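Some notes on the structure that comes next.
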Amino acid sequence: MPHHDHPRRDHHSHDHHGHGHESAFEGPEEVARVVADGEIAIGYVGEVVGLLDHPVDSVVDIGSGPGVATLELARLLPEARVVALDSSASMIEALRERATAAGLTDRVQGRQVEIPEGLEGRADVDLVWASMSLHHVADEVAALRAVRETLSERGTVAIVEFGDQRELLPPGNDALGDRVENAYRRYFDEQSQHWHGDTPSDELAAMVGRAGLRVLSDHVSVITHQPPLDEAQRRYVTGSLMRARKQLEGLLTAADLDALERIARDPERADGPLLVSRRILLAGR
Ligand SMILES: C[S@@+](CC[C@H](N)C(=O)[O-])C[C@H]1O[C@@H](n2cnc3c(N)ncnc32)[C@H](O)[C@@H]1O
C-alpha cells in the first residue's frame, strides 16, 4: 500500500465558499445555490414534522436561507406562524419573495439578524428549525441556550447538519469514501476555528447538552433521488463533488483529488441515483 502523504495545507488558500466570509451568502448566485441545496433536501422537513408528537403553533427557522424549508414548514404546519431569521440581506429578500409567491405572507415573516440576536424576547416557540446553519454561528452553545429560552414547554429544536460525506460517491468507492469522510472531519475541525474563533466548536450532542437541552433523538438519514435526475439534481451531483474536490485540497492526496474530479465529470455519475445524507438531532427543554 502506498503511503498517503498529506501535503501541508496552505492556510491562506482555504476555500471559504459559503463559509465564513462576510460576503458569503450574499448575491443571486449564492441564493440560487442555497435554493438548490434546500430543494434536494426538502424531504427532511416532512421527516422531522412526522417525528413531532405535539401540536405546533409557532416556528422559528434559524439561518433560514432563501426559505425553501421555511415555506415547506408553513405548508405542513398550517396552524403555525413561522419566523425566519438569517444574517444575509439577499437570503431574507429571497425568502420574502418566496413567501409572497406562495401567498403565505400572513404567516411567514423574515428578519435579517445575526443569531443569537433575534431570538431574545421570543417565547412559546413549538419548533425551532436549524438546518445547515448552526455550524456557521460563532458561539453555538450561546445560540442553543438562546434557543432553549424561546421554546415552549412542549417545544422541540430540530437540528439538521451534514450526514455521511461518503454518500457523495457512487457505489464501489468504499476506500476513497472513507478518506473523503475523514478529510471532511478535518476540514470542519479546521474551519471551525475560522468560524468560531475563541469559542471552539464541540460535538453537536455535547453542545446541545451544554446548552441545557435534552436530546430526544439523534440519527443519520438518507434521502435517495432515483434516476432519471432532473437538471438541478444533476448539477447538484457534479457541484457537490467539485466543491469537495476544492474544499479537500491539501487534505487528500493529488490522486484522490483527481479521482473526485473524474467522478464529478463522469456523465454516468450524474445519471444518479442521488443520495443526500443528513444528521437529524431533536432536543427539548
Ligand atoms: C447553508 S445555509 C442553510 C439554509 C437553509 N437553512 C437550508 O438548510 O437550506 C446557511 C444560512 O445560515 C445563515 N447564517 C450564517 N450565520 C448566521 C448567523 N450568525 N445568524 C443568522 N444566520 C446565519 C446564512 O446567511 C445562510 O443563509
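The values are calculated or read from the model by the stated rules, or taken from the named source; none is laboratory data. Note that this is a predicted model, so its numbers are computed, not measured. Note: areas computed on protein heavy atoms with side chains; ligands, DNA, RNA excluded. Shrake-Rupley method; radii C 1.70, N 1.55, O 1.52, S 1.80 Å.
Miscellaneous remarks
- Between E97 and R210, full extension at 0.36 nm per residue minus the direct alpha carbon distance yields a gain of 37.0 nm.
- As a fraction of the 1.4 Å probe accessible area of the chain, surface on carbon and sulfur atoms comes out at 49 percent.
- For the range 40-90 versus the range 202-243, the gap between their alpha-carbon centres in whole angstrom: 16
- Counting only DSSP beta bridges whose two residues both lie in the chain, roughly 45 percent are antiparallel.
- Rolling a 1.4 Å probe over the heavy atoms of the protein chains gives the chain an accessible area of 48 Å² per residue.
- Estimated from helices alone, the mean residue ellipticity of the chain at 222 nm is -12500 deg cm²/dmol (sum of -39500 (n - 2.57) over DSSP H runs with n ≥ 4, per residue).
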